[in-house]
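Enquirer: Quick one: structure below, then a few questions.
The values are calculated or read from the model by the stated rules, or taken from the named source; none is laboratory data. It should be emphasised that the depicted structure is a prediction, and the values quoted were computed from it without experimental measurement. Virtual Cβ from ideal backbone geometry, glycine too; neighbours counted across all protein chains shown. Just so you know, the surface numbers come from the protein's heavy atoms only, side chains and all, with ligands and any DNA or RNA stripped out. Shrake-Rupley method; radii C 1.70, N 1.55, O 1.52, S 1.80 Å.
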Amino acid sequence: MWLFALPALLINICIILVPAVLTFTAAFFIWDGVGTPVWAGLANFQNMAADPVFWSALTNNFIWTAIFLTVPVCLALVMAAALLMAPKARIVVQSIIFLPRIIAVAVTGRIFQGMIFSPATGIVAWLNEHGFSISDPLADPDRSLYAVAAVDIWHWWGFLAVVFLAAMRQISVDQIEAARLDGAGFFALFRYVLLPGIRPTLTLMLILTVIWSFQVFEFIFIVTRGGPAYGSEVLATFAYRHAFFEGDVGQAAAAACVMSLFGLCATAIYLWLQITDDAQST
Amino acid sequence: MTMTRRQLVASIPAAALAAGLPRGAYAQDGRKVVTFWFGQANSDGQAALRNDLVEAFNASQDKYLLQLEVKGAAVNNLLKVALVAGNGPDIVQTAGPAYLTAIANAGQVLPLDDFAGKYKWKERFLAPLLNTSVYGGKLYALPRDYESMHLFYNKELFKQNGWKLPTNRKEMEEVADAALAKGIIPFGAGNADWKGVNEWLMTVFFNNVAGPDNVRKALSGELPWTAPPFVEAVELSKAWYNKGYFGKNYFSLTIEQSFLQVVNAKAAMAFSGTWSFGTKSYGMSKPDTVMDVAPTPTLGSAFTGSLVHLACGATLSIAKTSQNVEGAAAVFEFMLTRKFYEAMNRDWPGKWALPVKDLPPEMLSGIGYPLFEKTIANLHEAFSKGQYGFTTWTFWPGATNSYLIEGIEQVWLNKITPDAYLTRMQTLFSQEAREGKVPPLPPRTA
């Protein structure tokens, strides 16, 4: 059996484990990316802890996680349940809501930046010309994180809805019909049949959301680059800036370690839930 | 001849190997290949690179074949990784001395002193710019161009409103206030696509408020960044931002959109760099009937008159692992020919303004771009005499410069005070100075 796993294992060791170990090691060195690394002990972590930008980035990651554990998940669950009940509309609606997912992140980011939020060329500009006083949320340090989150939610929730719908379709039709015959309305059906029926999928997606939320980078980098005034800075942009603009690879690696720590925690929770489920089902 | 399936399969690795030929490879015609990675280039720039550099060089001799790849904005990061891995190009182009410092300190590029002696480069380049690439007494790069921040303004708009070109802060603020009163943005500015616009502005504020001598003292460690002249500079930048001098949409407009505001008379002026001459979409025509340009006037009491800012937008070195050192040097020598200088500055103004000492006016006269000719001639004279300020992207070390760019947004948006900003800058600068990361500093004269 191990022989079958060997190719995948080798690939994972080469492209995941080795870089991960090197990154972890780099966190304990001062290194500009081209010269000779110098041992620094915990200095990178101490400097990071003393940097207020790190803490605001970490806070933004938590806010981002909270947003993505609720808004797109709720939207997707309601849409999936509605589509389950309306099979005729399913193909058309699924195609439409899935569309943002297949558009390149860079394109989506630029569309929102230039055609929606821009006060020069976007819908915001048009609204201002027609008497609505609206400022570009991307230019406001207190709103920029939420504005970028809105872009990512648009890109993400349709995919979630399709995944949830696929899971809901695995629920026995008899069970759904029985609930309906017992007089269950949409929300009762949703609460007592559909949600419990997709619990493993829902748990997996929530755990993945936590992991992805601590790795979020592309949308923020493309749309705001973490600004203005660090308003939308997250750990990934913090690490990127240190590595590639400040020539401080050690500090970037330390931030990457913190990102991985949250991913590890989420993975541990998922494994624990799986073990608990397995124990209950045997 | 038809190939069997087995022959076809066997040829794939060979083809793959050929596609990734190591440096030092030979072209089909027997010429030794010289590789060169370039960063960002618009379509005009790419055409100029292809015609005026690659094809012209390759047609000029039969020993070397120049191969150029346009790598895009990530070239600086790619280059570092490639150099460490020993797979970089023969010609190493960085985005200026601040980027070169780490690479030169790490010994990833070769000293050029032997070539400099052979080709008399030290005699042919302007010393202030050439010396930005001297580390430990050795020359590690040639400057590819020189740049400066300038005041671009809509001369038609000034004429219509009876405004005079400002020569000091008071006059500048009078024009700005008059513009604001008419609903005109005083300074077209926007950093939506490039946060480095922040440092363009801060280069002006630090130099033109605090004065270039104080900036030089700070860069050489004789004066802290927390000193009163710099506090005044940062406070003025904040005051101007909060008064709306840079418009309501600084964080939402791209560089091009903000510059076009000046061309379209929606804004009166812009602090921008000499690279603006090379971007046709900016609306700078040749000769221009709308726009004009001047060195930036004093904005404080540290000096009177106007000031240009010494900048080197790119450096050219030879990789330590290059297998074709002679070929790379031959490319550099080709760039110093009069024919190349004229062609490149005609086709891509401002991008390849090699800072050579002998710049007779007729070298640029065929370009037909009076504003550019005037600006380059003024820069050449000022740089030759040592009369300049210091640009952040050339002389500030990496982490300090990164904070200068990011942190000033916190000041402008009232998240931190100017004192807090400068204190953090001083902390970062002190650390980088201790680590030898501050680029070499040329002398200046009054």
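Enquirer: Could you grab me the full set of residues in region A:119-139 that are facing chain B (nearest Cβ under 9 Å) and open to solvent by 40 Å² or more (accessible area, probe 1.4 Å)?
Expert: Selection gives A:A120, A:T121, A:S135.
Enquirer: State all residues of region A:245-265 that are closer than 26 Å to B:L79 by Cα and within 18 Å of the chain's Cα centre (by Cα); if no residue qualifies, say none.
Expert: A:A255, A:A256, A:C257
Enquirer: If the requirement is being closer than 25 Å to B:G407 by Cβ and of a type outside the set (D, E), which of these qualifies: B:G327, B:G273?
Expert: B:G273
Enquirer: What do you reckon, is A:I67 part of a helix (DSSP H, G or I), modelled with pLDDT under 95 and open to solvent by 20 Å² or more (accessible area, probe 1.4 Å)?
Expert: no
Enquirer: While we're looking at this one, here's another question. Is there a residue in region A:170-186 that is touching a residue at least 12 places away in the same chain (Cβ under 8 Å), crowded, with 20+ Cβ neighbours inside 10 Å and more than 14 Å from chain B (Cβ to nearest Cβ)?
Expert: Among the residues of region A:170-186, not one is touching a residue at least 12 places away in the same chain (Cβ under 8 Å), crowded, with 20+ Cβ neighbours inside 10 Å and more than 14 Å from chain B (Cβ to nearest Cβ), which makes the answer no.
Enquirer: Is it the case that B:V204 is touching an Asp or Glu at 6+ places or on another chain (Cβ under 8 Å) and more than 14 Å from chain A (Cβ to nearest Cβ)?
Expert: So B:V204 fails the test.
Enquirer: Need the failing condition index for B:M149 against (1) on the phi < 0 side of the Ramachandran plot; (2) within 14 Å of chain A (Cβ to nearest Cβ), just the number.
Expert: (2)
Enquirer: What number of residues within region A:21-46 satisfy the criterion of being farther than 30 Å from B:V109 by Cβ and open to solvent by less than 50 Å² (accessible area, probe 1.4 Å)?
Expert: 1
Enquirer: Another question, if that's okay. Those residues that are in a helix (DSSP H, G or I) and more than 8 Å from chain A (Cβ to nearest Cβ), I need them from region B:406-424; list them, please.
Expert: Once the filter is applied, which keeps residues that are in a helix (DSSP H, G or I) and more than 8 Å from chain A (Cβ to nearest Cβ), region B:406-424 yields B:G407, B:I408, B:V411, B:P418, B:D419, B:A420, B:Y421, B:L422, B:T423, B:R424.
Enquirer: I need the full set of residues from region B:145-167 which are in contact with a Gly (Cβ under 9 Å, 6 or more places away or on another chain), open to solvent by 10 Å² or more (accessible area, probe 1.4 Å) and at pLDDT 95 or above, in order please.
Expert: B:T167
Enquirer: Also, quick follow-up: I need the full set of residues from region A:251-282 which are farther than 30 Å from A:A40 by Cβ and of a type outside the set (G, A, S), in order please.
Expert: A:I269, A:Y270, A:L271, A:W272, A:L273, A:Q274, A:I275, A:T276, A:D277, A:D278, A:Q280, A:T282
Enquirer: Look at region A:73-104 and say how many of its residues are open to solvent by less than 60 Å² (accessible area, probe 1.4 Å) and under 19 Å from A:G197 (Cα atoms).
Expert: Here the count works out to 11.
Enquirer: Can I ask one more? Out of (1) within 11 Å of chain A (Cβ to nearest Cβ); (2) more than 18 Å from B:W393 (Cα to Cα); (3) open to solvent by less than 20 Å² (accessible area, probe 1.4 Å), the odd one out for B:G107 is which?
Expert: So the condition that B:G107 fails would be (3).
Enquirer: List pairs: first in region B:77-91 and more than 11 Å from chain A (Cβ to nearest Cβ), second outside any loop (DSSP other than H, G, I, E, B) and open to solvent by 20 Å² or more (accessible area, probe 1.4 Å), Cβ under 6 Å, 6+ apart or cross-chain?
Expert: B:P89/B:T35; B:P89/B:W37; B:D90/B:T35
Enquirer: Then there is this: Just need a number here: residues in region B:114-127 that are within 26 Å of B:E381 (Cα to Cα) and open to solvent by 20 Å² or more (accessible area, probe 1.4 Å).
Expert: Within region B:114-127, residues that are within 26 Å of B:E381 (Cα to Cα) and open to solvent by 20 Å² or more (accessible area, probe 1.4 Å) number 7.
Enquirer: Taking the options B:L428, B:L413, B:L359, B:L336, name whichever one is open to solvent by 10 Å² or more (accessible area, probe 1.4 Å), in contact with a strand residue (DSSP E or B) (Cβ under 7 Å, 6 or more places away or on another chain) and among the aliphatic types (A, V, I, L, M).
Expert: Selected residue: B:L336, the only one of B:L428, B:L413, B:L359, B:L336 that is open to solvent by 10 Å² or more (accessible area, probe 1.4 Å), in contact with a strand residue (DSSP E or B) (Cβ under 7 Å, 6 or more places away or on another chain) and among the aliphatic types (A, V, I, L, M).
Enquirer: Which residue pairs have Cβ atoms closer than 9 Å, lie 6 or more positions apart in sequence or on different chains, and pair a first residue in region B:177-190 that is within 24 Å of B:S276 (Cβ to Cβ) and open to solvent by 60 Å² or more (accessible area, probe 1.4 Å) with a second residue that is at pLDDT 95 or above and hydroxyl-bearing (S, T, Y)?
Expert: Close Cβ pairs satisfying both conditions: B:L180/B:Y245.
Enquirer: Of the residues in region B:238-286, how many are part of a loop (DSSP other than H, G, I, E, B), within 14 Å of chain A (Cβ to nearest Cβ) and of a type outside the set (S, T, N, Q)?
Expert: 8
Enquirer: Given the options B:S306, B:S301, B:S317, B:S285, name the one that is touching a Ser or Thr at 6+ places or on another chain (Cβ under 8 Å) and open to solvent by 20 Å² or more (accessible area, probe 1.4 Å).
Expert: B:S306
Enquirer: Would you say B:M363 is assigned to a helix (DSSP H, G or I) and more than 27 Å from B:V109 (Cβ to Cβ)?
Expert: Here the answer is yes, as B:M363 does meet what is asked.
Yes/no matrix, rows are residues, columns are (1) modelled with pLDDT under 85; (2) assigned to a loop (DSSP other than H, G, I, E, B); (3) in contact with a Pro (Cβ under 8 Å, 6 or more places away or on another chain); (4) open to solvent by 30 Å² or more (accessible area, probe 1.4 Å):
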residue: B:R23; (1), (2), (3), (4): yes, yes, yes, yes
residue: B:D29; (1), (2), (3), (4): yes, yes, no, yes
residue: B:F36; (1), (2), (3), (4): no, no, yes, no
residue: B:A41; (1), (2), (3), (4): no, yes, no, no
residue: B:R50; (1), (2), (3), (4): no, no, no, yes
residue: B:V54; (1), (2), (3), (4): no, no, no, no
residue: B:L66; (1), (2), (3), (4): no, no, no, no
residue: B:E69; (1), (2), (3), (4): no, no, yes, yes
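Enquirer: Let me ask another. Got a sec? Which of B:T400, B:T427 is in a helix (DSSP H, G or I), within 14 Å of another protein chain (Cβ to nearest Cβ) and under 19 Å from the mean Cα position of the chain (by Cα)?
Expert: Result of the check over B:T400, B:T427: B:T400.
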